[in-house]
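Colleague: Got a structure here, written out as structure tokens. Questions coming.
The values are calculated or read from the model by the stated rules, or taken from the named source; none is laboratory data. Please read these numbers as outputs of a predicted model, since none were measured by experiment. Cβ coordinates were reconstructed from backbone atoms using ideal geometry, including for glycine residues, and neighbour counts include every protein chain displayed.
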Amino acid sequence: MATQRLGIIMHGVTGRMGMNQHLIRSIVAIRKQGGVTLSNGDKVMPDPILIGRNADKIAALAKEHGIERCGTDLDKALDNQQDTIFFDAGTTQMRPTLLAKAIRAGKHVYCEKPIATNLNEAVEIARLAQKSGVKHGAVQDKLFLPGLRKLDMLRRAGFFGRMLSLRLEFGYWVFEGDLQPIQRPSWNYRAEEGGGMILDMMCHWRYVLDNLFGEVKSITCLGATHIPQRWDEAGKPYKATADDAAYATAELVGFDGEPIVAQLTMSWATRVRRDDLVTFHVDGTHGSAVATLTECRAQSRVATPRPVWNPEVKQPMNFFDQWQEVPDTQFYDNGFKIQWEHFIRHVVENEPYKWTLPEGAKGVQLVEAALQSWKERRWVDVPKLEI
């Protein structure tokens with residue numbers, strides 16, 4: 001069994017998502033397990049170089065996690081022919097420019113979502129990647145969550161019968177910053193810095209809907225900025241210019257050709273009283289299921305109870321107790337790590353890979369359709385995206 005090195009330029013990993021999910025829980029975890037196993041049993045060992053603007057910060061991060069290489073010169077890193085993958089988790093506004101530079105340097109590219117702040121740039125960078133012949137991918141981590149994998153297993157087993165509807169609820173209360181410390185960066189609430197609920201989360205919901213339920217055909221969306229003033233990392237008040245909540249309904253065409261209605265509620269100004277920070281409630285003719293990040297509970301047609309509507313009597317049923325848990329039948333690794341392993345195998349041995357930049361562009365397409373719907377207060381069609 002042989003082990004080969006794979007040089008990876010990692011940009012933007014001092015931020016919360018880049019550091020925790022991509023560096024620590026993915027690349028560092030892969031290195032600790034001895035690399036990525038190929039189909040022939042050989043191993044691929046990632047050898048990252050961390051690139052960032054703050055030399056001290058990036059050096060401390062590298063030292064903490066046993067990474068030998070770091071620096072602040074991205075152009076120099078891209079010139080190194082021994083490093084073949086460029087990864088970006090920096091700011092969304094800079095992403096298309098950085099990806100284009102890396103593609104022109106001959107690097108395979110992998111990046112966080114959104115791949116751009118607008119559809120024109122997203123399509124342009126996806127076309128450049130396809131034309132160049134490099135391998136490319138966009139993060140679609142929600143597909144690898146245990147709860148959604150169990151939900152997809154139910155779908156593939158025919159458990160739902162004909163799918164009728166999906167109710168997605170996402171969010172929690174993000175502290176304003178005056179009484180309690182903020183738990184999300186302040187740029188998330190500044191539209192001029194790439195913030196906003198619709199831009200952040202519609203990219204996720206597009207690939208979840210397309211892959212697990214059906215193709216998105218149209219959408220209507222209402223955005224809101226419920227909390228108009230927040231406090232930043234320095235404790236200074238600022239005006240929130242980005243939407244912190246959105247309420248959408250989408251029309252899907254299921255894999256059987258039948259229509260599915262999807263209701264999407266997302267908010268950073270809501271207090272949680274449900275199973276998890278995100279829940280996916282699916283109803284079908286033969287059964288229903290509710291998935292969280294890690295769990296999935298189902299109720300079949302024959303096990304559906306008969307509740308009685310009587311407003312004069314306290315409800316005797318505990319509806320939460322009437323659902324059967326879908327058991328863990330396998331080990332569920334970190335979703336970001338799983339997709340990293342797929343991409344590495346895609347680069348090294350050409351394993352089939354479908355989570356590409358054109359798929360990332362579809363997420364930006366849904367963002368623009370939702371924003372257009374909000375602005376024009378109407379339904380907006382989502383046509384097939386040609387790239």
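Colleague: For Gly106, state whether it is closer than 17 Å to Tyr207 by Cβ and touching a Ser or Thr at 6+ places or on another chain (Cβ under 9 Å). Before the answer, list the steps.
Modeller: Numbers: closer than 17 Å to Tyr207 by Cβ: no; touching a Ser or Thr at 6+ places or on another chain (Cβ under 9 Å): yes.
In short, no.
Colleague: Now for a different question. Condition first: surrounded by 20 or more Cβ atoms within 10 Å (Cβ to Cβ) and either closer than 17 Å to Ala157 by Cβ or in contact with a helix residue (DSSP H, G or I) (Cβ under 7 Å, 6 or more places away or on another chain) (or both). Now tell me which residues in segment 273-286 satisfy that.
Modeller: Answer for segment 273-286, where residues must be surrounded by 20 or more Cβ atoms within 10 Å (Cβ to Cβ) and either closer than 17 Å to Ala157 by Cβ or in contact with a helix residue (DSSP H, G or I) (Cβ under 7 Å, 6 or more places away or on another chain) (or both): Phe280, Val282, Gly284.
Colleague: Does Phe175 meet the test of being in the same structural domain as Thr265 (by TED's automatic domain parsing) and in contact with a Pro (Cβ under 7 Å, 6 or more places away or on another chain)? Give the steps one after another, and end with the answer.
Modeller: Working: in the same structural domain as Thr265 (by TED's automatic domain parsing): yes; in contact with a Pro (Cβ under 7 Å, 6 or more places away or on another chain): yes.
Yes; evaluated as a whole, the condition is true for this residue.
Colleague: (1) farther than 26 Å from Gly196 by Cβ; (2) under 27 Å from the mean Cα position of the chain (by Cα); (3) not in a helix (DSSP H, G or I): which one isn't true of Asn40, the others all being true?
Modeller: Answer for Asn40: the failing condition is (2).
Colleague: Quick one: in segment 79-99, of everything that is assigned to a helix (DSSP H, G or I) and either among the polar types (S, T, N, Q) or out of contact with any helix residue (DSSP H, G or I) (no Cβ under 7 Å at 6 or more places or on another chain) (or both), which residue is surrounded by the most Cβ atoms within 10 Å (Cβ to Cβ)?
Modeller: Initially, segment 79-99 is screened for residues assigned to a helix (DSSP H, G or I), giving 79, 95-99.
Those left that are additionally either among the polar types (S, T, N, Q) or out of contact with any helix residue (DSSP H, G or I) (no Cβ under 7 Å at 6 or more places or on another chain) (or both): 79, 95, 97-98.
Values: Asp79: 10, Arg95: 28, Thr97: 13, Leu98: 20.
Ranking the candidates gives Arg95 first.
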